[in-house]
1. Among the candidates Gly27, Gly19, single out the residue that is part of a loop (DSSP other than H, G, I, E, B) and farther than 14 Å from Leu109 by Cα.
2. Going through the range 94-130 one residue at a time, which ones are more than 18 Å from Pro70 (Cα to Cα) and of a type in the set (S, T, N, Q)?
3. Report every pair of residues separated by at least 6 positions or lying on different chains whose Cβ atoms are under 6 Å apart, first residue within the range 1-15 and in contact (Cβ under 8 Å) with a residue 24 or more places away in the chain, second among the polar types (S, T, N, Q) and not in a loop (DSSP other than H, G, I, E, B).
4. Condition test on Met24, is it closer than 21 Å to Ile124 by Cβ, of a type in the set (A, V, I, L, M) and exposed (fewer than 14 other Cβ atoms within 10 Å of the Cβ)?
5. Suppose we filter Pro70, Pro74 for residues that are closer than 17 Å to Leu17 by Cβ, in contact with a strand residue (DSSP E or B) (Cβ under 9 Å, 6 or more places away or on another chain) and without any contact (Cβ under 8 Å) to a residue 24 or more places away in the chain; which single one remains?
6. Given the conditions (1) over 11 Å from the mean Cα position of the chain (by Cα); (2) part of a strand (DSSP E or B); (3) not charged (D, E, K, R), report the number of the one that Ser41 does not fulfil.
7. Tell me, yes or no, whether the range 92-109 has at least one residue that is modelled with pLDDT of 95 or more, under 15 Å from the mean Cα position of the chain (by Cα), over 15 Å from Gly4 (Cβ atoms) and among the basic types (Lys, Arg).
8. Return the total of residues in the range 83-92 being in contact with a strand residue (DSSP E or B) (Cβ under 7 Å, 6 or more places away or on another chain) and either of a type in the set (Ser, Thr, Tyr) or within 17 Å of Glu44 (Cβ to Cβ) (or both).
Amino acid sequence: MNVGLLILTHIGIGPALLGTAALMMDGCPLQAKILTASADSEPEEIMHHAIELIAELDKGDGVLILADLPGSTPYNVAERLLKTEHIRIVTGMNLSMLIRVLNYPQLGLDDLAAKAVSGGMEGIVLSKQA
């Protein structure tokens with residue numbers, strides 16, 4: 001399996017998360033690309049770049065898109081890309097989610113998307129004083 005990873009976030013978030021994860025893991029086991037949106041980004045321009053990056057990343061096993069915020073421009077652009085069965089989107093991206101994905105590079109697209117969801121959810125913990 002060789003699923004590609006597209007990180008589609010607001011400016012600064014994707015590079016920081018992928019950089020931190022790669023440092024923690026001593027590299028990135030998946031082919032990954034980052035696309036960021038700034039306050040003045042045009043959705044059509046982001047869409048065009050996303051299509052190009054997906055074409056580079058998809059080697060036949062699909063592309064997992066991790067987006068940062070539901071309802072935001074990066075997520076809305078990602079949703080418009082769902083016209084193919086070779087794309088899955090998981091939103092609410094956090095470091096725990098990304099680490100989980102990178103720990104399972106051998107999985108197929110659907111299983112990797114499920115790992116992203118479980119990693120993201122399990123990385124959210126409420127701690128309080130007893």
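The values are calculated or read from the model by the stated rules, or taken from the named source; none is laboratory data. Bear in mind the structure is a predicted one, so any value in this text is a computation, not a measurement. Methodologically, a virtual Cβ is constructed for each residue, glycine included, from the backbone with ideal geometry; neighbour enumeration extends over all protein chains shown.
1. Answer to the check: Gly27.
2. Hits for the range 94-130 are Asn103, Gln106, Ser127, Gln129.
3. Thr9/Thr36; Ile11/Thr36; Gly14/Thr36
4. So Met24 passes the test.
5. Pro70
6. (2)
7. yes
8. 1
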